[in-house]
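Some notes on the structure that comes next.
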Amino acid sequence: PGVVLDFPKGGSGAIADALVRGVEKHGNQVCTNCHVDEILIEDGKAVGVKLSDGRQIRATQAVVSNADPYITSKMLSPARSAGLTG
């Protein structure tokens, strides 16, 4: 009684699709199924990522990780070892 269960129109995939459309609408890129090995750091700031296939993608505004803190920290380890994280 008094309980309502709502679902997104088009399913949960529709939410992800809407996020991708919003990002791409502003001239940015969403990479899916791309394994990130390392977050690239320059002058103490995240400037891009290195993918497992060796490609590097440079950020124009921000680097965003949806990984948990432990995994994100592991991706910063090479920069920490080189003394780049400040």
Point to revise | Dimensions in Å of the chain - Rg and Dmax from alpha carbons | key: 17.1, 59
Practice item. Taking the Cβ of residue 78 as the centre, find all other residues whose Cβ is under 13 Å away and add up their charges (Lys, Arg: +1; Asp, Glu: -1). Key: 0
Review point. Under 18 Å from the 7 Å Cα→Cβ point of residue 12, by amide nitrogen: which residues of region 35-75?
Key: 66-68
Review point. Under the rule of -39500 (n - 2.57) per DSSP H run of 4 or more residues, summed and divided by the residues of the chain, what mean residue ellipticity at 222 nm is obtained, to the nearest 500 deg cm²/dmol?
Key: -10000 deg cm²/dmol
Review point. Can you list residues whose amide H is under 5 Å from residue 38's amide H, if they're 5+ apart or on another chain and H is modeled 1.01 Å from N?
Key: 50
Review point. Can you list the HN-Hα couplings for region 64-69, worked out from phi with the Karplus curve (6.51, -1.76, 1.60; θ = phi - 60°), rounded to whole Hz and with x for Gly and Pro?
Key: 10, 10, 9, 6, 6, x
Review point. Suppose R0 equals 35 Å; then what is the FRET efficiency for residue 29 and residue 5 from their Cβ-Cβ distance, rounded to the nearest 0.05?
Key: 0.50
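Read-outs throughout are calculated quantities, based only on the coordinates presented, and are distinct from any laboratory measurement. From a predicted model like this one, the values you see are computed outputs, not experimental measurements. A quick note on method: Cβ atoms are made from the backbone with ideal geometry, for glycine too, and the neighbour counts reach across all protein chains shown.
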